[in-house]
Amino acid sequence: MMHAEKPKVVSIRVSSNSCYCGTPLRDILLPEECEMLGLFRENHIILANNNPPIQPNDILLAIAINPMSAPELKVFLNRLKPLSACQISQQ
């Protein structure tokens, strides 16, 4: 499907409590009309077809083909692991 607006690139820094830490990049099922480009780690770009496992502080690089999907893509990539009862009581 062709869109009148330009696609929007989205970049997200992975936090240590991201639900994607340890997940191979290609295993992330993105929202419709979004694609993973790769990630930026230690001053190197690693393309998605290399399928690296995601680590804290990686910067995920994705594209929303339909720019209206960019906010949803950002929220999706920023998902965190739920806090356990133990973690909550320590706060």
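The values are calculated or read from the model by the stated rules, or taken from the named source; none is laboratory data. Predicted model, so just to flag it, every value in this text is computed and none were measured. Neighbour counts run over all protein chains shown; Cβ positions are idealised from the backbone, glycine included. When the accessible area is computed, the model is the full protein with side chains, heavy atoms only, and any ligands, DNA or RNA have been set aside. Shrake-Rupley method; radii C 1.70, N 1.55, O 1.52, S 1.80 Å.
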2 or more residues open to solvent by less than 90 Å² (accessible area, probe 1.4 Å) and at pLDDT 95 or above: qualifying strands (runs of 3 or more DSSP E) within segment 30-91: 34-41, 59-64
Neighbours by Cβ (under 8 Å, 6+ apart or cross-chain): first from segment 35-59, farther than 20 Å from A70 by Cα; second in a strand (DSSP E or B) and among the hydroxyl-bearing types (S, T, Y): I54/S18; P56/S18
